[in-house]
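The values are calculated or read from the model by the stated rules, or taken from the named source; none is laboratory data. Computed from a predicted structure; not experimentally measured. Neighbour counts run over all protein chains shown; Cβ positions are idealised from the backbone, glycine included. These area figures cover heavy atoms from the full protein model, side chains too; ligands, DNA and RNA do not enter into them. Shrake-Rupley method; radii C 1.70, N 1.55, O 1.52, S 1.80 Å.
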Amino acid sequence: MIAVNNKILCENCFMEIRKEPCPYCGFDAEKEAARDAQVLKRGSTLDNGRYIIGDIIGRGGFGITYLAYDTKLEKRIALKEYYPKGIAERDADKVTITSDNDEENRAFKNGADRFFEEAKTLSRFNGNKYIVSVNDFFSDNDTVYFTMGYLSGETLKTYLKEKGRTTEGQAAKLLNNISSALN
């Protein structure tokens, strides 16, 4: 449990709770297994304490997405960290380049610049009901981050894994929504 702005929140999902385990996500700090050293610790803060890190939403080749809490807006958000596999390595709560190799350093900097530009580009679509809004982008811990609205629910990947293929009608509806987002 974590106290934020006179609220007691689950430090994993940031729902308001009275005791652990959390009735929403089942998190219990006393029974929690050690977290992967390559991700930010639960409860870590970014941008001068504005954002608090919670659960991991996803990981990819270029970054890690966390459920986080925005203490200024007092709401749950998604926070994406630039953390490219094979180039970045975490040292305590800091992201550092794994080698002094100039080529890797350049690759990290170029990737971070592109990541930051991605956030700026996505923010131009704010207000489109089919694309999540980008709220903020900033540098911290020697890397870059951007925050987005948090949407709970099932990903297409999870849906397909659990239910198999979609019907023709479901696929058509999905493609229609995607094309509407791009118009």
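Details
- Contact order normalised by residue count of the chain, Cα under 8 Å, 6+ apart, percent: 13
- Positive contributions from Lys and Arg (+1) and negative ones from Asp and Glu (-1), summed over other residues with Cβ under 11 Å from the Cβ of Asn110, come out at -1.
- Residue among Tyr150, Tyr130, Tyr82 with the largest mean-square fluctuation in a Gaussian network model of the chain, springs linking Cα atoms under 10 Å: Tyr130
- Translational diffusion coefficient of region 103-183 (Stokes-Einstein, Kirkwood radius from Cα pairs, 20 °C, 1.002 mPa s): 140 µm²/s.
- Carbon + sulfur, % of accessible area of the chain - ligands and nucleic acids excluded, 1.4 Å: 49
- When Arg35, Arg59, Arg165 are compared by accessible area at a 1.4 angstrom probe, the order from most to least is Arg165, Arg59, Arg35.
- The alpha carbon gyration tensor of region 1-151 gives principal lengths a ≥ b ≥ c with a/c of 1.5 or higher and a/b no greater than b/c, which makes the shape oblate.
- Normalised per residue, the accessible area of region 1-152 is 57 Å², obtained with a 1.4 Å probe and no contribution from ligands, DNA or RNA.
- Counted by Cβ distance under 14 Å from Ser179, the other residues give a net charge of +2, where Lys and Arg count +1 and Asp and Glu count -1.
- Loop sites by DSSP among the GluC sites (Glu not before Pro) of the chain, restricted to those with at most 13 other Cβ atoms within 10 angstrom, leave 75-153 as the longest stretch without any of them.
- Solvent exposure ordering (accessible area, 1.4 Å, most first) of Met1, Met148, Met15: Met1, Met15, Met148
- Using a simple spin-label model with pseudo-atoms 7 Å out from Cα toward Cβ, Ala34 and Thr155 lie 2.6 nm apart.
- Calculated mean residue ellipticity, 222 nm, the chain: -8000 deg cm²/dmol, from DSSP H runs (n ≥ 4) at -39500 (n - 2.57) each, averaged per residue and rounded to 500.
- Highest-fluctuation residue, Ala29, Ala172, Ala119 considered, GNM on the chain with Cα pairs under 10 Å: Ala172
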